[in-house]
Amino acid sequence: MKSLSEATLYTKARGDEILIVSIHVDDIVYTGNNNDLLKEFKEDMMVKYEMTDLGLLHHFLGMRIIQTHSSIFIHQRKYVASLLNKFGLSECKSVFTPLVPSDKLCKDDGSGSASEEQYRRIVGSLLYLIATRPDIMYAASLLARFMNSPTNKHFGTAKRVLRYIKGTLDYGLEYVKGKNAMLIGFCDSDWGGSVDDNKNTSGNAFSFGSRVFSWASMKQNCVALSTAEAEYICASEATAQAIWLRFVLENFVEL
């Protein structure tokens, strides 16, 4: 059965047994709660298609997956190391925060124009990295606002984020077995964070079990006239996301 929320995700239920299959181009990742069902799926696929069984999943789409009996840890250390080497920052000094809290970025800051191509490469790489690094979600989304005409200050800020991940190479997401499966969400917003249009930025994160599995940072569509209105907009956006996530989880559990 094809997933309602993800075009490349398929599930098969047989009583209390479940098989989950994810497809990306010519790679297939599958899991389930019954070894016989997994073996049956693998044998059927190998009869119909030319396939190679690579065993337990260790790498997928630039991510490293470490599986134990009690947890699954996902990180992108190798990808981060390649980024730092690519942009000449493999020997740079690390910093403790991705952004300077007191700094405000704007379109025209008078610092001069920077290379659009190089800037877009850095930001694009950071946007891919947020798959396992929610801690740089805000920084990456903020930098993405200036893709058209970046300045030297924007470029310097992007390099600071790379310096931050230099000191946090081992960061990732660990999902621990046996944790209470409860959907918990958090949301917050800033006030007048965007200098160019005075719009605020909303952020939310949702956990299910041991770690977060959904997170977002986005500029609000309208200009809030008070901090209360900004928080209300943020809460309404998070509520809509929570309703959708609950719908997806409930349908998944039913399978």
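Only residues that are over 12 Å from the mean Cα position of the chain (by Cα) and among the basic types (Lys, Arg): list them for the range 97-135, please.
Of everything in the range 97-135, those that are over 12 Å from the mean Cα position of the chain (by Cα) and among the basic types (Lys, Arg) turn out to be Lys104, Lys107, Arg120, Arg121.
Could you list all residues from the range 197-211 that are assigned to a strand (DSSP E or B) and at pLDDT 90 or above?
Thr201, Ser202, Gly203, Asn204, Ala205, Phe206, Ser207
Any residue at all in the range 88-99 that's surrounded by fewer than 17 Cβ atoms within 10 Å (Cβ to Cβ), of a type in the set (Lys, Arg) and not assigned by TED's automatic domain parsing to the domain that holds Ser217?
yes
Is it the case, given these coordinates, that Ala181 is of a type outside the set (D, E, K, R), within 21 Å of the chain's Cα centre (by Cα) and in a loop (DSSP other than H, G, I, E, B)?
yes
Filter the range 55-67 for residues that are on the phi < 0 side of the Ramachandran plot and loosely packed, with under 10 Cβ neighbours inside 10 Å and give the result.
Leu56
If Val248 meets every condition in (1) more than 19 Å from Met137 (Cα to Cα); (2) in contact (Cβ under 8 Å) with a residue 60 or more places away in the chain; (3) not in a helix (DSSP H, G or I) apart from one, which number is that one?
Just one mismatch for Val248, condition (3).
Quick check: anything in the range 218-235 assigned to a helix (DSSP H, G or I), closer than 21 Å to Ala131 by Cα and modelled with pLDDT under 95?
Looking through the range 218-235, none of the residues is assigned to a helix (DSSP H, G or I), closer than 21 Å to Ala131 by Cα and modelled with pLDDT under 95.
Given the condition β-branched (Val, Ile, Thr) and over 25 Å from Tyr175 (Cα atoms), answer yes or no: does some residue in the range 68-89 qualify?
Within the range 68-89, not a single residue is β-branched (Val, Ile, Thr) and over 25 Å from Tyr175 (Cα atoms).
So which residues in the range 157-215 are within 19 Å of Leu225 (Cβ to Cβ) and in contact with a strand residue (DSSP E or B) (Cβ under 9 Å, 6 or more places away or on another chain)?
Hits for the range 157-215 are Asp188, Ser189, Asp190, Gly193, Ser194, Asp197, Lys199, Asn200, Thr201, Ser202.
The values are calculated or read from the model by the stated rules, or taken from the named source; none is laboratory data. The shown structure was predicted, so the numbers you read here are calculated from the model rather than taken from an experiment. Positions of Cβ are generated from backbone atoms using ideal geometry, with glycine treated the same way; all protein chains shown enter the neighbour counts.
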